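Read through the structure below, which is laid out as structure tokens, and then see the notes.
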Amino acid sequence: MRYRYSGPNSAATLKIPDGKGGFTDQDVLLWHGQEIDLPAEHDYVKVLVSKGHLTPVQATAITEPPAPAKTADLPVVAAPVSAEPPAPAKTGRAK
């Protein structure tokens with residue numbers, strides 16, 4: 001589940017069941033104002049929710065990106081025109 005963290009910056013290692021009778025470690029860095037995916041059934045997550053440090057975040061629907069703008073809709077940007085030709089590049093070799 002996705003949460004927003006609002007507590008002191010901290011870190012924890014969560015022991016997550018691996019589905020094979022063992023556990024795997026999930027290292028978590030918690031920064032104030034950060035959104036993070038955490039297992040809702042984990043005891044540490046439940047404690048942070050009860051203390052008000054984690055607030056569930058509503059899932060946002062994935063939408064298609066907006067269509068690119070048509071060329072006619074884009075602003076015209078012009079670079080300044082110089083009356084003098086550009087200077088030749090220096091190669092650093094002696095002649």
So VAL57 clears everything in (1) at pLDDT below 95; (2) over 14 Å from MET1 (Cβ atoms) except one condition, right? Which one? (2)
Test ALA72 against the stated conditions and say whether it is part of a helix (DSSP H, G or I) and at pLDDT below 95. yes
Return the pair list, or none, for Cβ contacts closer than 9 Å from residues in the range 5-21 that are under 19 Å from HIS53 (Cβ atoms) to residues that are assigned to a strand (DSSP E or B) and of a type in the set (Ser, Thr, Tyr), at least 6 apart or on different chains. TYR5/THR55; SER6/THR55
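Working only within the range 1-59, note down all residues that are part of a helix (DSSP H, G or I) and of a type outside the set (A, V, I, L, M, F, W, C). Break it down stepwise before answering.
Keep residues of the range 1-59 that are part of a helix (DSSP H, G or I), which gives 43-50.
Within the range 1-59, ASP43, TYR44, LYS46, SER50 meet the criteria.
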Take the residues in the range 10-45 that are in contact with a Ser or Thr (Cβ under 6 Å, 6 or more places away or on another chain) and charged (D, E, K, R); name whichever of them is farthest from PRO56 (Cα to Cα). ASP18
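The values are calculated or read from the model by the stated rules, or taken from the named source; none is laboratory data. All figures in this text were calculated on a predicted structure; none of them were measured in a lab. As a convention, Cβ positions derive from the backbone with ideal geometry for all residues, glycine included, and neighbour counts pool all protein chains shown.
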